[in-house]
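A.B. asks: Before we start, here is the structure in question, set down as structure tokens.
Throughout, read-outs are computed from the coordinates displayed, never taken from laboratory work. Because the structure is predicted, anything quoted here is derived from the model rather than measured. No Cβ is skipped: glycine too gets one built from the backbone with ideal geometry, and neighbour counts run over all protein chains shown.
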Amino acid sequence: MEWKTGLAARRARGAVRKRLTVFYMITRRLRIAGRVQGVGFRYAMQHEAERLSISGWVRNRKDGSVEALAHGEAGALEALIAWARSGPPGARVGELRQEPAAEAEAKGCVGFELRPTL
């Protein structure tokens with residue numbers, strides 16, 4: 001008779017349970033000010049958001065700032081916000097404001113979109 005140990009023994013007894021991973025999805029509205037227009041900030045943010053599997057949008061504002069709505073797993077969103085504090089080469093972020101946003105605002109976003117200036 002062969003003795004089973006470890007994982008094999010638990011499988012034989014039916015004791016292996018699948019782990020459930022819970023991701024907390026959050027939505028944030030960002031406003032980035034400084035030298036953030038004309039330096040590829042929106043395109044770089046779109047690339048970074050897609051790399052992190054974040055949905056939402058980004059656009060220039062007429063006041064010279066960049067505005068974004070981002071929806072995703074909390075850790076990924078924190079990574080995007082950390083990236084946005086410095087932005088792409090050539091950008092000089094002077095201020096980054098963030099506030100919670102309703103998840104409904106991100107509904108209908110497929111991927112991370114570039115939106116027209118507002």
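A.B. asks: To the nearest 20 Debye, how big is the dipole of the stretch 25-104 about its Cα centre, given +1 on the beta carbon of each Lys and Arg and -1 on that of each Asp and Glu?
C.D. replies: Its charge dipole is roughly 380 debye.
A.B. asks: Further question on the same structure: For each of Leu69, Leu52, count neighbouring Cβ atoms within 10 Å of the residue's Cβ, then give the residues from fewest to most.
C.D. replies: Fewest-to-most ranking of Leu69, Leu52: Leu52, Leu69.
A.B. asks: Next question. Loop only per DSSP, at most 16 neighbouring Cβ atoms within 10 Å: give me the trypsin sites (Lys or Arg not before Pro) in the stretch 32-83, ordered by residue number.
C.D. replies: Arg61, Lys62
A.B. asks: Sort Met25, Met45 so that the residue with the fewest other Cβ atoms within 10 Å of its own Cβ comes first and the one with the most comes last.
C.D. replies: Listed from fewest to most nearby Cβ atoms, that is Met25, Met45.
A.B. asks: Taking neighbour Cβ counts within 10 Å as the exposure measure, how do Leu96, Leu114 sort from fewest upward?
C.D. replies: Lowest to highest Cβ neighbour count: Leu114, Leu96.
A.B. asks: Can you list, bin by bin at 10 Å, the percent of alpha carbon pairs in the stretch 25-104, starting at 0?
C.D. replies: Calculated P(r), rounded to whole percents: 21, 58, 21, 1.
A.B. asks: Something else: What does the charge count around Asn60 come to, taking other residues whose C-beta lies under 11 Å from its C-beta (Lys +1, Arg +1, Asp -1, Glu -1)?
C.D. replies: The answer is +3.
A.B. asks: Can you give me the distance in nm between label points at Ala102 and Met25, each placed 7 Å from the Cα along the Cα-to-Cβ direction?
C.D. replies: Roughly 1.6 nm, to one decimal.
A.B. asks: How much FRET efficiency would the formula 1/(1 + (r/R0)^6) give for Cys109 and Arg35, where r is the Cβ-Cβ distance and R0 is 41 Å, rounded to 0.05?
C.D. replies: Working: r = 27 Å, r/R0 = 0.66.
My answer for the efficiency is 0.90.
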